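The values are calculated or read from the model by the stated rules, or taken from the named source; none is laboratory data. All figures in this text were calculated on a predicted structure; none of them were measured in a lab. Neighbour counts run over all protein chains shown; Cβ positions are idealised from the backbone, glycine included. The area values use the complete protein model at the heavy-atom level, side chains included, leaving out ligands, DNA and RNA. Shrake-Rupley method; radii C 1.70, N 1.55, O 1.52, S 1.80 Å.
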Amino acid sequence: METTDIRESFDLFDSNQMGSISLHEFKVALRALGFEKVDKAKVMELQEGFSRSPPGRVAYIDFLESVKLLTAHRDPMDSLMRTYKLVAGQSGKISAQDLQRV
């Protein structure tokens, strides 16, 4: 994942340009980046490691570090299966027509 993509995602949720986002926005931003299994408990676990964020907020540098950490621990099979399901559609099989479409 490119750093510019991560920055754009953060900036999208930092609409008031405070330099930080709320914990709820943090969770939604992570899900938008494809970390679908991030729940409140995971957000709280990540927040414990934030050293540069104001209380209840997430600064960009902590957001970036969190995304890097989650990316490093991401199961490659999850990403592969998500892509397969996207291409295969409802049939569960990838046809020549599916490949042409992609």
How many residues, within the range 15-27, are surrounded by 15 or more Cβ atoms within 10 Å (Cβ to Cβ) and either under 30 Å from residue 83 (Cβ atoms) or among the aromatic types (Phe, Trp, Tyr) (or both)? 5
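Does the range 77-93 contain at least one residue that is loosely packed, with under 11 Cβ neighbours inside 10 Å, of a type in the set (Gly, Ala, Ser) and farther than 16 Å from residue 22 by Cα?
Of the range 77-93, the ones loosely packed, with under 11 Cβ neighbours inside 10 Å are 77, 80, 86, 90-93.
Checking which are of a type in the set (Gly, Ala, Ser) leaves us with 91-92.
Right, trim to farther than 16 Å from residue 22 by Cα and you get 91-92.
Checked against the condition, which is being loosely packed, with under 11 Cβ neighbours inside 10 Å, of a type in the set (Gly, Ala, Ser) and farther than 16 Å from residue 22 by Cα, the range 77-93 yields at least one hit.
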What's the number of the condition residue 7 fails, among (1) under 17 Å from the mean Cα position of the chain (by Cα); (2) open to solvent by 100 Å² or more (accessible area, probe 1.4 Å)? (2)
Exactly one of these conditions fails for residue 55: (1) farther than 19 Å from residue 3 by Cβ; (2) in contact with a strand residue (DSSP E or B) (Cβ under 7 Å, 6 or more places away or on another chain). Give me its number. (2)
